[in-house]
Amino acid sequence: MSSTAGQVIRCRAAVAWEAGKPLVIEEVEVAPPQANEVRLKILFTSLCHTDVYFWEAKGQNPLFPRIYGHEAGGESVGEGVTDLAPGDHVLPVFTGECKECSHCKSEESNMCNLLRINTDRGVMLNDGQSRFSINGKPIYHFVGTSTFSEYTVVHVGCLAKINPLAPLDKVCVLSCGISTGLGATLNVAKPPKGSTVAVFGLGAVGLAAAEGARIAGASRIIGVDVNSKRFEEARKFGCTEFVNPKDHKKPVQEVIAEITDGGVDRSIECTGNIDAMISAFECVHDGWGVAVLVGVPHKDAVFKTHPMNLLNERTLKGTFFGNYKPRSDLPSVVEKYMNKELELEKFITHQVPFSEINKAFEYMLKGEGLRCIIHMEG
């Protein structure tokens, strides 16, 4: 395969032809990058629950055939982009940073006007066309990344250039879920050292939030989940105690308030369940408690709480990708791993060759493990 930027490349890609049906390894044509785009050689990718959610057609506008994937690491092979060169190691990210809009210029926001996630769009911004095709038929993109392909085309604003010494088979998981949970704690909740933190939902994102609380020096990290089987694993990520709402007759926020003398200092909700969101807010201490919502709720969900919960000086916040600006901030998250402040290996529970990518879906659907790394050369 040639990586010449001006030529079409033929490579393997895992194509989703229909909702819920196994991906099919196909030979696809990947067109050259256009203005502000980079053609990227994917070396390692990971499966995230968001890929599965849209593959199952639970998203708003199902679009097939499509190439999924958005947690990955690879090498830039494009030309004509000033801040990246062929061979640079990058992380593609489902959201971007154009560095020109009001959000990008704000020190408080990471919600780029141009490159914010769009799950419905299956084409490139530049010309409204797909860069993938089979026998002239377009194959659609997913969240601007489509990393289940040996080569993909990504807008330059969605690529974070990282330390070339960082192992891509580890740091690729920082492209989405792990950074989301970690940043929700470190950048948004900001628990003081010695504080108490409750984490609702102990999947990969919630465990990353617990990892953030551990890094911040929280003295008590309470894991909240309806699946008690997750509790033992969560100890590896800093959780010191656990609450299963099913084990109690009273609302879980009351249980947490009782065991923490009025409520936790910080809570991070990582389920998308509206009841868990309400509980996460109502379990924080009055006067200073901060609750951060991470999970994405059902489109018809309504958040209800008594106004006194706010008037009594509890703070409710939301976050998107952990408030990280992809290009500006992700390189420093990679350095946390390189400096051994952040442990990523414990998030990686399975590995498969690209030819067996459907096994990664099986693990996810069975609830087995956290992250499965897919080796593109296999």
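The values are calculated or read from the model by the stated rules, or taken from the named source; none is laboratory data. Given the structure is predicted, the values throughout are model-derived calculations rather than measurements. Every residue, glycine among them, receives a Cβ derived from its backbone with ideal geometry; neighbour counts consider all protein chains shown. For the accessible areas, the whole protein counts, side chains as well, though only heavy atoms, and no ligand, DNA or RNA atoms are used. Shrake-Rupley method; radii C 1.70, N 1.55, O 1.52, S 1.80 Å.
In the set GLU313, GLU335, GLU356, GLU368, which member is without any contact (Cβ under 8 Å) to a residue 40 or more places away in the chain, part of a helix (DSSP H, G or I) and out of contact with any Phe, Trp or Tyr (no Cβ under 6 Å at 6 or more places or on another chain)?
GLU356
Mind listing whichever residues of the stretch 147-171 are assigned to a helix (DSSP H, G or I), of a type in the set (Val, Ile, Thr) and under 14 Å from the mean Cα position of the chain (by Cα)? Steps first, answer last, please.
Initial filter on the stretch 147-171 (assigned to a helix (DSSP H, G or I)): 156-158, 168-171.
Remaining after also requiring of a type in the set (Val, Ile, Thr): 156, 171.
Residue satisfying the conditions is VAL171 alone.
Here is a yes/no grid of residues against (1) in a strand (DSSP E or B); (2) within 19 Å of GLU29 (Cα to Cα); (3) open to solvent by 40 Å² or more (accessible area, probe 1.4 Å):
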residue: ASP83; (1), (2), (3): no, no, yes
residue: LEU91; (1), (2), (3): yes, no, no
residue: ILE117; (1), (2), (3): no, no, yes
residue: SER133; (1), (2), (3): yes, yes, no
residue: PRO138; (1), (2), (3): yes, yes, yes
residue: THR145; (1), (2), (3): no, yes, no
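Within the stretch 287-303, can one find any residue that is over 30 Å from ASN118 (Cα atoms) and loosely packed, with under 15 Cβ neighbours inside 10 Å?
Scanning the stretch 287-303, I find at least one residue that is over 30 Å from ASN118 (Cα atoms) and loosely packed, with under 15 Cβ neighbours inside 10 Å, so the answer is yes.
Name the pairs: first residue in the stretch 68-84 and within 18 Å of SER328 (Cα to Cα), second residue among the aromatic types (Phe, Trp, Tyr) and at pLDDT 80 or above, Cβ to Cβ under 6 Å, at least 6 apart or on different chains?
The qualifying pairs are GLY73/PHE44.
If LEU311 passes every condition in (1) under 30 Å from ALA257 (Cβ atoms); (2) in contact with a strand residue (DSSP E or B) (Cβ under 8 Å, 6 or more places away or on another chain) but one, which one does it miss?
That leaves (2) as the condition not met.
Tell me, which strands (runs of 3 or more DSSP E) lie completely within the stretch 172-272 with 3 or more residues that are open to solvent by less than 10 Å² (accessible area, probe 1.4 Å)?
196-200, 220-224, 266-269
Per-residue answers, yes or no, for (1) open to solvent by 60 Å² or more (accessible area, probe 1.4 Å); (2) farther than 16 Å from GLU356 by Cα; (3) touching a Gly at 6+ places or on another chain (Cβ under 7 Å); (4) not assigned by the TED database to the domain that holds ILE134:
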| residue | (1), (2), (3), (4) |
| --- | --- |
| VAL15 | no, no, no, no |
| LYS21 | yes, no, no, no |
| GLU27 | yes, no, no, no |
| VAL30 | no, yes, no, no |
| VAL38 | no, yes, yes, no |
| ASN61 | yes, yes, no, no |
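Suppose we keep only residues that are open to solvent by 60 Å² or more (accessible area, probe 1.4 Å) and touching an Asp or Glu at 6+ places or on another chain (Cβ under 7 Å) within the stretch 311-327. Which one would you say is nearest to ALA184 (Cα to Cα)?
If we take residues in the stretch 311-327 being open to solvent by 60 Å² or more (accessible area, probe 1.4 Å) and touching an Asp or Glu at 6+ places or on another chain (Cβ under 7 Å), then GLU313 is nearest to ALA184 (Cα to Cα).
Taking the condition modelled with pLDDT under 95 and not in a loop (DSSP other than H, G, I, E, B), does GLU75 pass?
Here the answer is yes, as GLU75 does meet what is asked.
Just the residues that are of a type in the set (Gly, Ala, Ser) and open to solvent by less than 10 Å² (accessible area, probe 1.4 Å), please, taken from the stretch 40-58. Give the steps one after another, and end with the answer.
So the first thing to find is which residues in the stretch 40-58 are of a type in the set (Gly, Ala, Ser), and the list is 46, 57.
Once the filter is applied, which keeps residues that are of a type in the set (Gly, Ala, Ser) and open to solvent by less than 10 Å² (accessible area, probe 1.4 Å), the stretch 40-58 yields only SER46.
Yes/no matrix, rows are residues, columns are (1) closer than 15 Å to PRO191 by Cβ; (2) of a type in the set (Phe, Trp, Tyr); (3) modelled with pLDDT under 95; (4) under 19 Å from the mean Cα position of the chain (by Cα):
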residue	(1), (2), (3), (4)
VAL226	no, no, no, no
ARG235	no, no, no, no
GLY238	yes, no, no, no
LYS250	no, no, no, no
ILE259	no, no, no, no
VAL264	yes, no, no, no
PHE281	no, yes, no, no
TRP288	yes, yes, no, no
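From the set of residues in the stretch 334-378 that are of a type outside the set (Val, Ile, Thr), surrounded by 14 or more Cβ atoms within 10 Å (Cβ to Cβ) and in contact with a Lys or Arg (Cβ under 6 Å, 6 or more places away or on another chain), which is nearest to GLY74 (Cα to Cα)?
Among residues in the stretch 334-378 that are of a type outside the set (Val, Ile, Thr), surrounded by 14 or more Cβ atoms within 10 Å (Cβ to Cβ) and in contact with a Lys or Arg (Cβ under 6 Å, 6 or more places away or on another chain), the one nearest to GLY74 (Cα to Cα) is LEU344.
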